[in-house]
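Report on one structure; see the data block that follows.
The values are calculated or read from the model by the stated rules, or taken from the named source; none is laboratory data. Source: prediction; values computed, not measured. Counting neighbours? That spans all protein chains shown, and the Cβs are built from the backbone with ideal geometry, glycine included.
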Ligand code: BGC
């Protein structure tokens, strides 16, 4: 059976600055990698050296037949100290956008992907009194290089950010790391305020469609746990989806699915099929996530801004992605407005403290920085060229 996707559907891959650029010395993740090294947290170091090799990365993507590239701008490079902006770094990101456009790739630009300048943390981070304003001051400068960009994501996965920062706050207060934490609304609220302030700003000075991206956990209620499921789903993702109601699109990011019972989210059961993240192999999660997003947001267009699998076996990556695209196609056939699919990730990259979980369509030799495309890159490229899945 051949399944065709809508005309103009975007096909691409996604990355994030800190995970691929290397040497982002001035952000909170770099600091955390050093502070937590004794717990086994690994260093991003040179990462994939994409700060210098972005053109090679984009060329591999375009040559394979894909037509979109989602990447992020690094706030800590653009604004190395409060209110002081680097024109050279802004010019660097402008070159990235021009390179993408020159290769026929639609750039999908994320303004914030998990990292913060160190000075932002010193001012209280997202709990600081001026956090949304500080973010907007940066966004205003970032907008100066966004001419010709049609898709902008303000903040990546604010819910995961609220989860991580909430957990770190509890650790700083002397509690053990809360592995079962939910996103902390104390962090969620200023993130929502920042998005709501930044989105109209970006819209007013660019021609971009503006949205943000939400981590969708495809939560499913165990029998009898419907009320708990609704409460957990609200705290996990719906409050962040609600904030996208007036947006031009919403980014859906999906990897796996979990059950909610009367105690909360059930940990992924041990299974030989679990991915290198320890997550259940659930290619059907993408369909659940898209349908749930549509239920909450009605007609707001959807872009799949991340979906993929951490595996050392590239055939499994192709199998997972093919299945996920089948579920996505079912949702599209049911009338849900989906505009594109951006695979996570273009490169094997720094998976936030770990190098082992490899999500890439391209392997990177971390000594020579040589790029070695995997068969999944050509496979996804052929799906993109046909705009159809066999
Ligand atoms: C993030 C990525 C991350 C991926 C896999 C998403 O939460 O946006 O930065 O690498 O999932 O864990």
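Observations on the structure shown:
- Subset of the range 1-54 (residues that are at positive phi and within 15 Å of the ligand (Cβ to nearest atom)): 47
- Of the residues making up the range 367-385, those that are surrounded by fewer than 16 Cβ atoms within 10 Å (Cβ to Cβ) and in contact (Cβ under 8 Å) with a residue 40 or more places away in the chain are 375, 378, 382, 385.
- Pairs where the first residue, in the range 321-344, is under 21 Å from residue 106 (Cα atoms) and the second is assigned to a loop (DSSP other than H, G, I, E, B) and at pLDDT 95 or above, C-beta under 6 Å, 6+ apart: 337/301; 339/301; 340/9; 343/308; 344/308; 344/359
- Pairs where the first residue, in the range 141-163, is modelled with pLDDT under 95 and the second is crowded, with 22+ Cβ neighbours inside 10 Å, C-beta under 7 Å, 6+ apart: none
- The range 311-328 - residue that is outside any helix (DSSP H, G or I) and within 16 Å of the ligand (Cβ to nearest atom) and, of those, farthest from the chain's Cα centre (by Cα): 312
- Sole exception among (1) in contact with a helix residue (DSSP H, G or I) (Cβ under 9 Å, 6 or more places away or on another chain); (2) at pLDDT below 95 for residue 36, by number: (1)
- Residue count, the range 211-243 (criterion: more than 14 Å from the ligand (Cβ to nearest atom), out of contact with any helix residue (DSSP H, G or I) (no Cβ under 6 Å at 6 or more places or on another chain) and outside any helix (DSSP H, G or I)): 6
- Some residue of the range 198-210 being modelled with pLDDT of 95 or more, part of a strand (DSSP E or B) and under 30 Å from residue 144 (Cα atoms): yes
- Test: residue in the range 256-279 that is assigned to a helix (DSSP H, G or I) and at pLDDT 95 or above: no
- Residue satisfying all of: in the range 296-310; part of a loop (DSSP other than H, G, I, E, B) and under 18 Å from the mean Cα position of the chain (by Cα); farthest from the ligand (Cβ to nearest atom) among these: 301
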